[in-house]
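In what follows, a single structure is set out as structure tokens and then discussed.
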Amino acid sequence: MTPKELEGCEVIEKKLGNIYLIIIKTDKGYLSSSYLDLNTAEKVGDVAGIVRNATSLESFLKGKLDAVTSWAEDLGLRAGMSVRRAIKILKGEVRV
């Protein structure tokens, strides 16, 4: 069952090798486990945040952003911010 806070988001949770690839995507940007490269996201202009050490969707949602692109900073996302708050910002439910 998908948590209510993820309504309207595209959620990918796929075990690849020893850890999960987790992505929560909205129309404004995405949050990802550390499988994705933040430097590449920055170069291509993505609004993105990275959450390290997430072993499941549940732990991902309880986590904090470890790093964000400058494009994400422009929207109000910050390293150290809770994933749940970041989702609300990306969904347009909270203005910063």
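Does GLU58 satisfy the condition of being within 18 Å of CYS9 (Cβ to Cβ), free of Cβ contacts under 8 Å to residues at least 12 places away in the same chain and of a type outside the set (Gly, Ala, Ser)? Give the derivation first.
Numbers: within 18 Å of CYS9 (Cβ to Cβ): yes; free of Cβ contacts under 8 Å to residues at least 12 places away in the same chain: yes; of a type outside the set (Gly, Ala, Ser): yes.
In short, yes.
For ASP46, indicate whether it is among the acidic types (Asp, Glu), at pLDDT 90 or above and either surrounded by 15 or more Cβ atoms within 10 Å (Cβ to Cβ) or within 22 Å of GLY92 (Cβ to Cβ) (or both). Spell out the reasoning first.
Details: among the acidic types (Asp, Glu): yes; at pLDDT 90 or above: yes; either surrounded by 15 or more Cβ atoms within 10 Å (Cβ to Cβ) or within 22 Å of GLY92 (Cβ to Cβ) (or both): yes.
It is true that ASP46 is among the acidic types (Asp, Glu), at pLDDT 90 or above and either surrounded by 15 or more Cβ atoms within 10 Å (Cβ to Cβ) or within 22 Å of GLY92 (Cβ to Cβ) (or both).
ARG85: surrounded by 16 or more Cβ atoms within 10 Å (Cβ to Cβ) and among the basic types (Lys, Arg), yes or no?
yes
Each row is one residue, and each column tells you yes or no for (1) at pLDDT 95 or above; (2) out of contact with any strand residue (DSSP E or B) (no Cβ under 6 Å at 6 or more places or on another chain); (3) on the phi > 0 side of the Ramachandran plot.
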position: ASP37; (1), (2), (3): no, yes, no
position: THR55; (1), (2), (3): no, yes, no
position: LYS64; (1), (2), (3): yes, no, no
position: ALA67; (1), (2), (3): yes, no, no
position: ARG85; (1), (2), (3): yes, yes, no
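Could you list, in sequence order, the residues of the range 44-96 that are of a type in the set (S, T, N, Q) and either within 13 Å of LEU6 (Cα to Cα) or not in a loop (DSSP other than H, G, I, E, B) (or both)?
Listed by number, the residues that qualify are SER59, SER70, SER82.
Here are some conditions: (1) over 18 Å from ALA86 (Cβ atoms); (2) touching a helix residue (DSSP H, G or I) at 6+ places or on another chain (Cβ under 9 Å); (3) not small (Gly, Ala, Ser). VAL51 meets all but one. Which one does it not meet?
It is condition (1) that VAL51 fails.
Between a residue in the range 72-87 that is more than 20 Å from GLY8 (Cα to Cα) and any residue that is small (Gly, Ala, Ser) and at pLDDT 95 or above, which pairs come within a Cβ distance under 6 Å, given they are 6 or more apart or on different chains?
Pairs found: ALA79/ALA67.
Counting only residues that are part of a strand (DSSP E or B) and among the polar types (S, T, N, Q), how many does the range 1-41 have?
Adding up the residues that qualify gives 2.
Tally the residues that are more than 9 Å from LEU90 (Cα to Cα) and not hydroxyl-bearing (Ser, Thr, Tyr), restricting the search to the range 20-30.
Looking only at that region, the number is 4.
The values are calculated or read from the model by the stated rules, or taken from the named source; none is laboratory data. If you're wondering where the values come from, they're calculated on a predicted model, not measured in any experiment. Cβ atoms come from the backbone with ideal geometry, glycine included; neighbour counts cover every protein chain shown.
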